[in-house]
Amino acid sequence: MITMKQLLLLAFTAMMLAACKKEATPTVPGMDTVDSSAMINQTGAFINGPYGNVRGTAKIITASDSASFSLVLQDMSISNGPDLHVYLSKEIQPVNFIDLGKLKSTSGTQVYSISGTPDFSQYRYALIHCQQFNHLFGSAELK
Amino acid sequence: MKKYLLVFLILIGGISVSSAQQSKLPKVNQLADFSATIGSSQQSLAASYIYNWGVGKKRKFELGIGLRNTAYFGVKRDFWTAPAKLARTNTTPFLIFFAGQKTENWDTLTVQRAFTNSLNVTANLGYHITNKLYAGFNIDVIGFTVGQKSSAILKSNGSTKTEPAAKPAAFNLLLTGDHDLGTLNSEFFLRYNINKTWSVKGIYQFLFVEYETTTIKQTAPDGTQNDRFRNKANNFGVGVAYHF
């Protein structure tokens, strides 16, 4: 028979387990297709941030119909972490930024669509950022 | 609060069962109460000391006070603009419950790892439905909160910014609706007495949690600078009480 003490312990353990969800980023290499007719506007190579290792290239491209923009991360290799996001940022730190969504994979080629028409002369950095713990993994200056 | 009372009275009215063999209830009921609630990406644990007085001839009603420690945990929870004058169309006390929402002023602070620990004086209200069943409501009135600073994301006026160190609001005070300050816990519950010493309960919890930004602020359309953001959690849970 379960005692009251055991019941409480069980409830507490269940709650703590539910609270601890640190989901790592998928590691299956990204295989997104890049529109070969798209125009490359800016490009930059990633450098490591204080909390991670990031290698690869970031490119802002304009679709062939000139109607939409995307950020392409090419030949990426990123140390894994929880809650990694891709930002377009005004600063090399994620102070003012546009969140393009969760990082799809720690490697390969990935395409992230950019909504609207940001001023790319202001949003000059692509960042890989661990949102939950506010840790910058890497940045690329887009020129 | 008015809504709470209405629901509470309906609950009592709906399930009230007269119990002919109900024994005389005590003048004073003292309890140590422990509860746990869970919602979407958030949980709370609470420990309370409760001191209730039996009211009326049969002492079926209870009124009382208590002291409650509530720990709240949340991951990537959205907190919205808190001050009543920004959040509501009418800020008259009590009428604020029926006021419209000024959603054009609402900005979102997503606190990444919220943790607050509050100590509040509570007000308690309840009714003995039968010898075994008791329906009640309690609410935090005044107290203080300590907790963990957390990074947060502020979405305001079409821009997204990082707040590196959002912190829990330190002072808690029950006023009315969005006039409330800080972290305030309240519970509707139905308690079942296992024996004279132990009881268990099912809980519907309404919990206000407030965080403040420290480095960036929301600028409302009227120019008001705001650093207060509130999460309103509706959780379900269970509890156990020891009767002294």
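The values are calculated or read from the model by the stated rules, or taken from the named source; none is laboratory data. Being a predicted model, the structure only gives us computed values, none of them experimental. Note that we place each Cβ from the backbone using ideal geometry, even for glycine, and neighbour counts take in every protein chain shown.
For the stretch B:124-165, what are the residues that are among the small types (Gly, Ala, Ser), within 20 Å of B:Asp33 (Cβ to Cβ) and touching an Asp or Glu at 6+ places or on another chain (Cβ under 8 Å)?
B:Gly126, B:Gly136
Just checking, does the stretch B:155-164 include any residue being touching a residue at least 40 places away in the same chain (Cβ under 8 Å) and away from chain A (no Cβ under 14 Å)?
For the stretch B:155-164, residues touching a residue at least 40 places away in the same chain (Cβ under 8 Å) and away from chain A (no Cβ under 14 Å): absent.
Name the residues in the stretch A:80-97 that are surrounded by fewer than 18 Cβ atoms within 10 Å (Cβ to Cβ) and either at pLDDT 95 or above or more than 12 Å from the chain's Cα centre (by Cα) (or both), would you?
The answer is A:Glu91, A:Ile92, A:Val95, A:Asn96.
How do the strands (runs of 3 or more DSSP E) wholly within the stretch A:45-94 filter down when requiring 1 or more residues that are over 28 Å from B:Glu163 (Cα atoms): which remain?
Once the strands (runs of 3 or more DSSP E) in the stretch A:45-94 are filtered for at least 1 residues that are over 28 Å from B:Glu163 (Cα atoms), what remains is A:54-62, A:69-78.
Could you tell me which of the residues B:Phe98, B:Phe94, B:Phe73 is farther than 14 Å from B:Gln218 by Cβ and free of Cβ contacts under 8 Å to residues at least 40 places away in the same chain?
Of the residues listed, the single one that is farther than 14 Å from B:Gln218 by Cβ and free of Cβ contacts under 8 Å to residues at least 40 places away in the same chain is B:Phe98.
Kindly indicate whether B:Ser151 is in contact (Cβ under 8 Å) with a residue 60 or more places away in the chain, surrounded by fewer than 23 Cβ atoms within 10 Å (Cβ to Cβ) and in contact with a strand residue (DSSP E or B) (Cβ under 7 Å, 6 or more places away or on another chain).
no
Out of the residues in the stretch B:190-224 that are among the aromatic types (Phe, Trp, Tyr) and buried (at least 22 other Cβ atoms within 10 Å of the Cβ), state the one that is nearest to B:His243 (Cα to Cα).
B:Phe208
Mind telling me which of the residues B:Val200, B:Val209 ends up being within 14 Å of chain A (Cβ to nearest Cβ), touching a strand residue (DSSP E or B) at 6+ places or on another chain (Cβ under 7 Å) and aliphatic (A, V, I, L, M)?
On inspection, the qualifying residue turns out to be B:Val200.
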